[in-house]
1. Tell me the helices (runs of 4 or more DSSP H) entirely within the stretch 319-419 that contain at least 2 residues that are open to solvent by 90 Å² or more (accessible area, probe 1.4 Å).
2. Failed condition for residue 123, given (1) hydrophobic (A, V, I, L, M, F, W, C); (2) touching a Lys or Arg at 6+ places or on another chain (Cβ under 6 Å); (3) farther than 27 Å from residue 234 by Cα, with all others met?
3. Kindly indicate the residue of the stretch 268-289 that is open to solvent by 70 Å² or more (accessible area, probe 1.4 Å) and outside any helix (DSSP H, G or I) and also nearest to residue 374 (Cα to Cα) among those meeting that condition.
4. Would you pick out the residues in the stretch 157-175 that are without any contact (Cβ under 8 Å) to a residue 12 or more places away in the chain, open to solvent by 80 Å² or more (accessible area, probe 1.4 Å) and under 19 Å from residue 144 (Cα atoms)?
5. Scan 65, 149 and give me the residue that is modelled with pLDDT under 85, among the basic types (Lys, Arg), more than 25 Å from residue 236 (Cα to Cα) and in contact with a strand residue (DSSP E or B) (Cβ under 6 Å, 6 or more places away or on another chain).
6. Return the pair list, or none, for Cβ contacts closer than 6 Å from residues in the stretch 116-128 that are open to solvent by less than 80 Å² (accessible area, probe 1.4 Å) to residues that are hydrophobic (A, V, I, L, M, F, W, C) and not in a loop (DSSP other than H, G, I, E, B), at least 6 apart or on different chains.
7. Could you please find all residues in the stretch 103-112 being open to solvent by less than 80 Å² (accessible area, probe 1.4 Å) and under 29 Å from residue 146 (Cβ atoms)?
Amino acid sequence: MNEPARSCDPQSPLQPDPDPEEEVSDSSDTEISEDDYHETRVAQSDVKIDEDDVNTHMKTHTGEKHHRCEVCGKSFLWKGNLNFHMQVHAEERPFGCSFCGKRFKRKYDLKSHMVVHTGEKPFSCDVCGKRFNRKGIFNMHMRVHTGEKPFSCDVCGKIFELKAGLKKHMTVHTEEKSFSCDVCGKTVNFVGNLKKHMVVHTEERPFSCDVCGKTFKLMENLKKHMVVHTEERPFSCDCGETFKKKWDLKIHSVVHTGERLFCCDVCGKNFLQKANLRFHMVVHSEETPFSCDICGKSFKRKRSLDMHMAVHTGERLFCCDVCGKNFFQKAHLRLHMVVHSEERPFGCSICGKRFKRRDCLKSHMVVHTGEKPFSCDVCGKRFKVRRNLKLHMKVHTEEKPFSCNVCGKRFKVRRNLKLHMKVHTEEKPFSCNVYGKRFKPKKSLKLHMEVTVRSQGCSGTKESS
C-alpha cells in the first residue's frame, strides 16, 4: 500500500501516521464512482509507459523477428542479438588469449576458450557427478538423465535432445546442400561439415592421443578413440547391455526394435544410415568409373581400385604390431586386431554367446533363424553365409586359383589346398580310437571306419598334432 504524501516543508508540524485499521474501515464505507476511479488512475500514472517498449515486449509472445542480417538473412527478435551476430561476419578478432595468443571475434568466445588453459569445470551433475566447463554443455548433459527431447520435426515428428540435431535432421527432408568443396566438388549441408570434409585433402593430423600417440585429423575422432583406454561404458540399453560408444548402442537397439530407416528400392535391403544406402546403391549400377592405369581393369568404387593397385605394387601399408601381419587397408588391420583381444563385446540376445566381431554375431544369428538369404544364381542352392556362397560359386567355374608349390596341382578352394599339402608331409592328424591307425585326410579315416570296424561299434577322433 502506498504511503500518503507528506509535506516537505520544514516549518510544517509533524503529523502522526494514520491508523491502518481506520483507513481500511473508511475505504470500505466509501463509495467510489466510475468517474472517480478514472481520475484516480490518471492521477497515479506519474510514470509514463513508452509505447515502443510495449511493442518490443509483445514480440516475445508473437515470435516476430524484425531485425534481419543483411549478410546471411538470419532474423532476430532483438536488435542487440543482431549486433552480437554481426561479429560472425567481421574479419576483426579484437579479443586475444593471453596464454596462447589465439584470437576471437567475441569476448564470450574468448571466455569459453580460457577453460582450456585453466581446466576449470564449475558445473557439476548432481546425478552422476560429471563436471563441465560450460553451462550449455551441462544443460545438454542433463537430458541424458531426464530423457527430455524438446525439439521435434514438423515433417515426420522425430524428436531430438538438441536443436542442432533437429537442424541437421531437417536436411533429410529438403536435400539442400549449400556448401561445396573447392577441391573435389562435394556438396554438404552445413559449413561445419565442409570444414570437416576439407581435412580429407590434407595430411595434417593435429590431434594426438596422450596414451598411445595415435593421431587424428578431427578432435571428435580423438574423443571417440579415448574410450578405448578407459573401462567406462556410459551408453546402456534397457536390456542391461552397456557400450563405450553411442553408435554401438544405436546398432544394438535394432535387435529390440527392428528399426531400419533407409531401404534399397532395388533389393529391399535396409540400412541404418542414408550414407550406407548410397554406398550400397553402386552394387546395382553397371557403371565402373574407376580404372587401373596399369592393366585397365575398372571398378565401381575408388576403394576397390586402391586395393587392386597393391596387386601391382605389392605394397602393404598397415602392419600389426603383435604378429607382424600386413594389410592393404587400415580398416582391415583394425578388424584383425580383435583377434589379439580377449574382449567379446557382441552378444547373442537369444543364447548369450559372445563374439569379438559384429559380422561373426550376424553370421551366428542364422543358427537361430534358419534363414538362408544367399542363393546361387546357377543352381538355386541357398546358403546362410555369403562366404559359403562365394566358395560354392567356384563349383560352376573352371577357375582354380590355389596351386601346390610342391607338385603344382591346382584347387578351387584354399581349404582343399591345405588338406592336399598333408600328402607331402608325414603328418597324420586323424586316428582310429580302436586300432590306433592314423590317416592324413579325414575321409580316409571315415572310409576305414565304415569298411573295417563298423560292426565293432568303434569311433574315430581327430587328434591335434
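1. Helices (runs of 4 or more DSSP H) meeting the threshold: 358-369, 386-393.
2. (3)
3. Looking at the filtered set, the residue picked out is 269.
4. Those that are without any contact (Cβ under 8 Å) to a residue 12 or more places away in the chain, open to solvent by 80 Å² or more (accessible area, probe 1.4 Å) and under 19 Å from residue 144 (Cα atoms): 158, 159.
5. Values: 149 fails: more than 25 Å from residue 236 (Cα to Cα).
Exactly one residue qualifies, and that residue is 65.
6. These pairs meet every condition: 123/132; 123/138.
7. 109, 112
Residue-by-condition table, conditions (1) touching a Leu at 6+ places or on another chain (Cβ under 6 Å); (2) small (Gly, Ala, Ser); (3) more than 30 Å from residue 237 (Cα to Cα):
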site	(1), (2), (3)
288	no, no, yes
307	no, no, yes
325	no, no, yes
354	no, no, no
366	no, no, no
383	yes, no, yes
391	no, no, yes
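The values are calculated or read from the model by the stated rules, or taken from the named source; none is laboratory data. These numbers were taken from a predicted model, which means no experiment stands behind them. Methodologically, a virtual Cβ is constructed for each residue, glycine included, from the backbone with ideal geometry; neighbour enumeration extends over all protein chains shown. For accessibility, only protein heavy atoms count, side chains too; no ligands or nucleic acids. Shrake-Rupley method; radii C 1.70, N 1.55, O 1.52, S 1.80 Å.
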